[in-house]
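All remarks here apply to the structure that follows.
Bear in mind these aren't lab numbers, they're just calculated from the coordinates by the rules spelled out. None of the values given here were measured: they were computed from a predicted structure. Positions of Cβ are generated from backbone atoms using ideal geometry, with glycine treated the same way; all protein chains shown enter the neighbour counts.
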């Protein structure tokens, strides 16, 4: 009765004064100094749930000191308590929908104990500046790693008071929200404040509790990544049925605990070497990295193997990666294209040979004239050719005019340096020695048929034959059409030996005089390239002289 009178008198005091005096009065009664109350901030209209372990007993006394005055609460969530929005049971305090009237201090204590537990409740309205800072926790993640945001949860009060947890929603102002608070690979721009809202069902009505998670995304601590080097994803390997095939999967690992293995479809490939398909692995550890090779081995490739996907999977603590490959039967070999290629090569080779044989002289002379090829490094010879006459008993030899024409064209037109007996041999020297000196100093010897009187050196044929053979000097043997017809009868033995040792060119009289005739082409072809570039000079004969 006295307690009721005191409470009525207390309610007549101003609210702020009554709250302060209440704290002083309780402190006086308990005989101890009150401990600093735990501060709780909550949005207006949301649920409040707190659990006090030291008050988890049936004999618990709850008091509230709010703007509405001081109230006592028992341990039964009676209807009048639900109407006020405050429920207590043992060590649990639940306010279903917080409002400004619920702001204040709440305490619990055992009836026979002077020890009390306090909380200070602050209700933030939409206009409050502190509304964004309430119930905030921090979360730190690293770039390109998975990240899971956890929404804070109060378990004890809801389990005790039969309040059902319903769902969780996430929201980030000005950005996209992660599904279920999970980032498979978080990025730096994902940093920020995320709001999670937990929904609770009680007595047919939904109540919400909001918390804020501050996400701070830092650069990744991992400098290297585990990665599969080969093969490439979706790579196709061509194989022969019944053949043995080995496919290597190579990877760079981050840790010795990382694993690399093969899958056939969704089943693991075994390491049993007696199976048709198995795998084995090799691990190489160095100071810089760990490399591993896992070989997928087919004893004999079957058609069933061609219809499956095989996956090399890298299982790491930080990530999982894989590549998938398939097998494909090699196309049957076709010899048609090979036969066509062979025929083409044969035809091209045959045509090339025919063209070269038919036009080898023209091709060689064209390359000489175009590339100005001079026959390579100088061999120390003074002359390109030594023109030596031999006696032709028939009337088909070159007359003096034709002989001079031959010498003039070779020297003036084509640039050959000639050694002529009647011009370059000093008088008084023995004929044999002079001729051999000319052979020695010349790169080639040209035997020219003359008629009717040969030059003095024509009797030295036998002597120079040995010199030509010994020095391997190139020999060009000029014949006439009439001399070729009676060659076996009219030529002496020494001359026949020389004709067999050299290359024969036939002089056909006036038709051989033009420089484009076959006679000149053959003669130039058999002679070495001149060492000096040809100089075009006006020849002493005119067309009238040639034809006369």
Taking a virtual spin label 7 Å from the Cα of residue 243 along the C-beta vector, which residues in the range 312-352 bring their backbone nitrogen under 12 Å of it? 328-333
Nearest-0.05 FRET efficiency for residue 110 and residue 155 at R0 = 30 Å, using Cβ-Cβ distance, is 0.85
Counting other beta carbons within 10 Å of each residue's own, what order do 172, 313 fall into, fewest first? 172, 313
Only counting other Cβ atoms within 10 Å, I'd like 446, 347 sorted with the fewest neighbours first. 347, 446
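Quote the Stokes-Einstein diffusion coefficient, in whole µm² s⁻¹, for the range 135-218, based on the Kirkwood radius over alpha carbon pairs, a temperature of 20 °C and a viscosity of 1.002 mPa s. Walk me through the intermediate numbers first.
On the way: Rh = 13.7 Å.
Approximately 156 µm²/s, per Stokes-Einstein.
What FRET efficiency, computed as 1/(1 + (r/R0)^6) with R0 = 60 Å and r the Cβ-Cβ distance, is obtained for residue 191 and residue 356, rounded to the nearest 0.05? Don't jump to the answer; show the numbers that get you there.
Details: r = 79 Å, r/R0 = 1.32.
With a Förster radius of 60 Å, E is 0.15.
Given contacts defined as C-alpha pairs under 8 Å and at least six residues apart, what's the relative contact order of the range 135-279, whole-number percent? Show your work: numbers first, answer last.
Values: 217 pairs, mean separation 33.4, N = 145.
Contact order relative to length: 23 percent.
As a footprinting exposure proxy, order 279, 356 by other Cβ within 10 Å, with the fewest listed first. Intermediate values should be presented prior to the final figure.
Numbers: 279 26, 356 11.
By the 10 Å Cβ count, ascending, the order reads 356, 279.
Given the alpha-carbon gyration tensor of the range 263-353, what are the semi-axes of its equivalent ellipsoid in whole angstrom, ordered largest first, with each equal to the square root of 5 times an eigenvalue? Walk me through the numbers on the way to the answer.
On the way: eigenvalues 386, 83, 33 Å².
So the three semi-axes of the range 263-353 are 44, 20, 13 Å.
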Per q in 0.16 1/Å, what log10 I(q)/I(0) does a Debye calculation on the alpha-carbon atoms of the range 300-434 return? -1.09
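Using 0.36 nm times the number of residues separating residue 369 and residue 281, minus their current alpha carbon distance, what extension gain do you get? Please report the intermediate quantities before stating the final value.
Details: separation 88, 0.36 × 88 = 31.68 nm, distance 6.78 nm.
Gain on stretching residue 369 to residue 281: 24.9 nm.
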Rg/Rh for the range 169-298: what does it come to with C-alpha atoms and Rh from Kirkwood? 1.21
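To check you understand DSSP bridge types, tell me what percent of the beta bridges within the range 135-218 (both residues inside) are antiparallel, rounded to 5. Mind dumping the intermediate values first?
On the way: 21 of 28 bridges.
Around 75 percent of the beta bridges assigned by DSSP in the range 135-218 are antiparallel ones.
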What is the calculated FRET efficiency for residue 472 to residue 432, with r their C-beta to C-beta distance and R₀ = 22 Å, to the nearest 0.05? 0.60
